[in-house]
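> Quick one: this structure, given as structure tokens, is what I'll be asking you about.
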Amino acid sequence: MSHPLFPSKDQILRYRREFLKFLAASPCLAAVPPLEVLESMFWQNAPSGATVGNDLSSPKDALDVMDFEAAAKKKIPIAHWAYMAGGVDDDYTRDANHEAYRHIYLRPRRLVDATGISMKTELFGTVYDSPIFICPVGEQKAFHPEGELAVARAARAKGTLQILSTLTTTRVEDVARALGTPLWFQLYTLTDWTGTEKMIRRAEAAGCPVLVLTVDNTTGRNPETYQRLRRTDTRNCSMCHEGEPGSTVNGRPMYDGIDMTGLNGRTNPAMDWQYVDKLKKATRMKLLIKGLDTREDAQLCVQHGVDGIIVSNHGGRATETDRATIDALPEVVEAVGNRIPVLVDGGIRRGTDAFKALALGATAVGIGRPYIWGLGAFGQTGVERVLELLQKELHQTMANCGTHTIADIKRDRVGFAKPYF
Ligand SMILES: Cc1cc2nc3c(=O)[nH]c(=O)nc-3n(C[C@H](O)[C@H](O)[C@H](O)COP(=O)(O)O)c2cc1C
């Protein structure tokens, strides 16, 4: 249980933020710099709890995926960092995603032969080394010059599924080749159907067997943490940041050959279930929906012939005060009743987190920011080490809990208490 004398890392970050807000607002302290400057000063100097005394010079030195967070922070430009690290409004949902795992404890079974553990996971005909997968994250060259290619090579080395964002900074054809196993393509639809169809055909031609439609971010968002820290980075980066003079994401590789005049490459507010039907008919790829978290929407997915669900709130980057995804997962799993696979992402930072999600019915578990920390810190080898650490931790947890295969990880291996750790 968290103790007032020993607050968790997340609690320390929240206290710090509140304190900096107080300082910035204090009339007695006229000379105190504005909040965003205070925050950036703190960030520049702040060691992550896990990396105190451990200046990461090689990916091999990392003991957990959080070690990469501080290492990446030193290398990634502050505005790019803030774009990646932030959520929306007060970042409550982003933090809740991870914190919620602390309310779940394990129920290990003892004296079970713990040799021959297998994490192999099958998804739509392909077998992966583990159920941990790479979530779609846009703009990866903002974090490392090799961007999505470095991630694909790492995913290949670690037998991992990769989902490529519509906002990729590398061509889908090149990423598919580097990955070597079937690449899944995540779709942000355009308000224009012709352009959307062109992207679908291109993903099909590149050999993608699965189309992942993201539905949690169709109307825009309020990324306040990003906006605050963006102001402290005075470099002109109009290719990256929407809102800068002359900036646009419309030049991204997926929009090659599409007339983007008047189109926004991310939001399509009119999208509804009829659109899902149209999309389903328009492609031979399997169709997954990413970004829902209620039983009602899960039931609609089944009714509309959707092939799978990713329970997600975009890493807390879309709707503020949404539930933690791990708290939403059980009702979605129950509504679907084994008819289609249910995957989950958000706040997964440990093998134990992955195990808990699997116990609550997830078929596979996705990571976003952790592999971007690895990418930003070291490129391909950083991403490889992030995957290796999480795979190792999950393997260890399975052995400790008496589960040989992913199918053995059942609901009775976890329990709830609020708050627990
Ligand atoms: C910098 C960044 C960019 C993202 N870009 C996309 C995207 O282009 N498409 C998408 O469906 N989700 C996107 N996401 C959400 C991730 O796919 C995933 O849902 C989320 O990161 C999981 O939470 P985690 O970061 O706590 O692991 C992005 C997330 C981050 C952090």
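The values are calculated or read from the model by the stated rules, or taken from the named source; none is laboratory data. Computed from a predicted model, the values in this text were never measured in an experiment. A quick note on method: Cβ atoms are made from the backbone with ideal geometry, for glycine too, and the neighbour counts reach across all protein chains shown.
> Considering only residues of the stretch 307-360 that are closer than 22 Å to residue 122 by Cβ, among the aliphatic types (A, V, I, L, M) and more than 14 Å from the ligand (Cβ to nearest atom), which is surrounded by the fewest Cβ atoms within 10 Å (Cβ to Cβ)? First the steps, then the outcome.
Of the residues in the stretch 307-360, the ones closer than 22 Å to residue 122 by Cβ are 307-312, 329, 332-333, 336-345, 348, 351, 353-360.
Right, trim to among the aliphatic types (A, V, I, L, M) and you get 309-311, 329, 332-333, 336, 340, 342-344, 348, 354, 357-360.
From what's left, more than 14 Å from the ligand (Cβ to nearest atom): 332-333, 336, 340, 342, 358-360.
Values: 332: 26, 333: 22, 336: 20, 340: 18, 342: 26, 358: 28, 359: 21, 360: 23.
Step by step, filter the stretch 307-360, then rank; the result is 340.
> Now, a different point. Looking only at the stretch 177-208, how many residues end up being within 20 Å of the chain's Cα centre (by Cα) and of a type in the set (A, V, I, L, M)?
Total meeting the criteria: 3.
> A further question on this structure: Any residue at all in the stretch 267-281 that is in contact with a Leu (Cβ under 6 Å, 6 or more places away or on another chain), assigned to a helix (DSSP H, G or I) and within 16 Å of the ligand (Cβ to nearest atom)?
no
> For residue 350, are the conditions met, namely being closer than 24 Å to residue 100 by Cα and in contact with a helix residue (DSSP H, G or I) (Cβ under 7 Å, 6 or more places away or on another chain)? Steps first, please.
On the way: closer than 24 Å to residue 100 by Cα: yes; in contact with a helix residue (DSSP H, G or I) (Cβ under 7 Å, 6 or more places away or on another chain): yes.
Yes, satisfied.
> Mind checking which residues of the stretch 286-306 are crowded, with 20+ Cβ neighbours inside 10 Å, closer than 23 Å to residue 196 by Cα and touching a helix residue (DSSP H, G or I) at 6+ places or on another chain (Cβ under 6 Å)?
The answer is 287, 289.
> May I ask you to verify whether residue 123 is more than 28 Å from residue 220 (Cα to Cα), of a type in the set (A, V, I, L, M, F, W, C) and either out of contact with any Pro (no Cβ under 9 Å at 6 or more places or on another chain) or within 11 Å of the ligand (Cβ to nearest atom) (or both)?
The answer is no for residue 123.
> So for the stretch 376-383 (the condition being among the polar types (S, T, N, Q) and away from the ligand (no atom under 15 Å from the Cβ)), does at least one residue qualify? Show your work before the answer.
In the first step, residues of the stretch 376-383 are kept if they are among the polar types (S, T, N, Q); the result is 380-381.
Applying the additional criterion that residues be away from the ligand (no atom under 15 Å from the Cβ) yields 380-381.
Yes, some residue in the stretch 376-383 is among the polar types (S, T, N, Q) and away from the ligand (no atom under 15 Å from the Cβ).
> Could you check the stretch 375-410 and list, in sequence order, the residues that are of a type in the set (Gly, Ala, Ser), surrounded by fewer than 20 Cβ atoms within 10 Å (Cβ to Cβ) and in contact (Cβ under 8 Å) with a residue 24 or more places away in the chain?
Restricting attention to the stretch 375-410, the residues satisfying the condition of being of a type in the set (Gly, Ala, Ser) are 376-377, 379, 382, 399, 402, 407.
Among the residues that remain, those that are also surrounded by fewer than 20 Cβ atoms within 10 Å (Cβ to Cβ) are: 399, 402, 407.
Listed by number, the residues that qualify are 399, 402.
> State the number of residues belonging to the stretch 282-298 that are touching a residue at least 60 places away in the same chain (Cβ under 8 Å) and not in a loop (DSSP other than H, G, I, E, B).
Start the filter on the stretch 282-298 by keeping residues that are touching a residue at least 60 places away in the same chain (Cβ under 8 Å), which leaves 282-292.
From what is left, the residues that are not in a loop (DSSP other than H, G, I, E, B) are 282, 286-292.
Residues flagged as touching a residue at least 60 places away in the same chain (Cβ under 8 Å) and not in a loop (DSSP other than H, G, I, E, B) within the stretch 282-298 amount to 8.
> Also, I was wondering about something else. Test residue 212 against the criterion of being among the β-branched types (Val, Ile, Thr) and in a helix (DSSP H, G or I), and give yes or no.
On the way: among the β-branched types (Val, Ile, Thr): yes; in a helix (DSSP H, G or I): no.
Spelling it out, it is not the case that residue 212 is among the β-branched types (Val, Ile, Thr) and in a helix (DSSP H, G or I).
> From 284, 252, 295, which residue is within 22 Å of residue 85 (Cα to Cα) and among the basic types (Lys, Arg)?
Numbers: 284 fails: within 22 Å of residue 85 (Cα to Cα); 295 fails: within 22 Å of residue 85 (Cα to Cα).
None of the others qualify; the one that does is 252.
> I would also like to ask the following. Which numbered condition trips up residue 63, out of (1) under 22 Å from residue 225 (Cα atoms); (2) at pLDDT 55 or above?
Checking residue 63 against (1) under 22 Å from residue 225 (Cα atoms); (2) at pLDDT 55 or above, the one that fails is (1).
> Right, something else. Do we have residue 233 as charged (D, E, K, R) and modelled with pLDDT under 85 here?
Details: charged (D, E, K, R): yes; modelled with pLDDT under 85: yes.
Taking the combined requirement at face value, the residue satisfies it.
> Then there is this: Going through the stretch 246-267 one residue at a time, which ones are crowded, with 17+ Cβ neighbours inside 10 Å, closer than 21 Å to residue 235 by Cβ and either in contact with a helix residue (DSSP H, G or I) (Cβ under 9 Å, 6 or more places away or on another chain) or modelled with pLDDT under 75 (or both)?
Hit for the stretch 246-267 is 249, nothing else.
> Between a residue in the stretch 69-96 that is within 19 Å of residue 311 (Cα to Cα) and any residue that is part of a loop (DSSP other than H, G, I, E, B) and hydroxyl-bearing (Ser, Thr, Tyr), which pairs come within a Cβ distance under 8 Å, given they are 6 or more apart or on different chains?
Between residues of the stretch 69-96 that are within 19 Å of residue 311 (Cα to Cα) and residues that are part of a loop (DSSP other than H, G, I, E, B) and hydroxyl-bearing (Ser, Thr, Tyr), the close pairs are 88/319; 92/321; 93/319; 93/321.
> For residues that are in a loop (DSSP other than H, G, I, E, B) and either touching a helix residue (DSSP H, G or I) at 6+ places or on another chain (Cβ under 8 Å) or within 16 Å of the ligand (Cβ to nearest atom) (or both), tally how many sit in the stretch 152-163. Quick ask: steps written out before the conclusion?
Going residue by residue through the stretch 152-163, those that are in a loop (DSSP other than H, G, I, E, B) are 158-161.
Pick out the ones that are also either touching a helix residue (DSSP H, G or I) at 6+ places or on another chain (Cβ under 8 Å) or within 16 Å of the ligand (Cβ to nearest atom) (or both) and you get 158, 160-161.
Residues meeting the conditions: 3.
> Of all residues in the stretch 164-210, how many are away from the ligand (no atom under 12 Å from the Cβ), more than 15 Å from residue 256 (Cβ to Cβ) and among the aliphatic types (A, V, I, L, M)?
5
> Kindly state which strands (runs of 3 or more DSSP E) lie completely within the stretch 107-151 and contain at least 2 residues that are touching a strand residue (DSSP E or B) at 6+ places or on another chain (Cβ under 9 Å) and buried (at least 20 other Cβ atoms within 10 Å of the Cβ).
On the way: elements: 121-123, 126-128, 132-134.
The qualifying strands (runs of 3 or more DSSP E) are 121-123, 132-134.
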